[in-house]
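I have placed the structure first, in the form of structure tokens, so that the comments after it can refer back to it.
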């Protein structure tokens, strides 16, 4: 079991190194769930509860739709979700932007296996904040997930620069019924983004590519 754990950690580390190398050859994106009109996005997320692989297409800047493969570690299930996100409101000022989204998904397992939620973000070139609340309905148990993020950029990057954010994330679900708060770091450049954090020795990884 020790060797298996070390091997898993090494695989995550190699993925991170490869992704950071890709950043050096790219042109700035963010982690928003909708791309430009006609754009596609591939996402990978992994934490102690689940791993997901998600592709979505954005017909307009207002919404996206796609397929998500879920490896649910907590309930030991694997399935596909059809997932969509809609931009409710976007507020632009000279120095900031705010977004509010609703999202939903329906699983291939059954019609009673679905999620819906709301999330938003607000940022300047130096400060980032976000929240999300998701109601998850499964064949085993229904539960809620909440997440808050805040971060600061140590420098103001220009359009083609590698952008860095030092972040703090706080998460809670009604299964474990506690808030877990931990630091992570975010890098993005051009069409690539990666977020890396750790919570009680569990990796929390998110990376994304748009095209």
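Every number in this text was worked out from the coordinates using simple rules, so none of it is lab data. Here the structure is a predicted model, which means the values were calculated and not measured. As a convention, Cβ positions derive from the backbone with ideal geometry for all residues, glycine included, and neighbour counts pool all protein chains shown.
For the range 98-141, report the % of Cα-Cα distances exceeding 15 Å. Of all Cα-Cα pairs in the range 98-141, 52 percent lie more than 15 Å apart. For the range 167-211 versus the range 51-91, the spacing of their alpha-carbon centroids is 17 Å. Taken over the range 69-211, the alpha-carbon convex hull comes to 124 cubic angstrom per residue.
How would 155, 143 line up from fewest to most surrounding beta-carbon atoms within 10 angstrom?
Numbers: 155 9, 143 16.
By the 10 Å Cβ count, ascending: 155, 143.
With the Cα gyration tensor of the range 139-187 in hand, convert its eigenvalues to equivalent ellipsoid semi-axes via √(5λ) and list them largest first in whole Å. Mind dumping the intermediate values first?
Values: eigenvalues 205, 27, 9 Å².
For the range 139-187, the semi-axes come out at 32, 12, 7 Å.
For the range 28-117, the convex hull drawn through the C-alpha positions has a volume of 111 cubic angstrom per residue.
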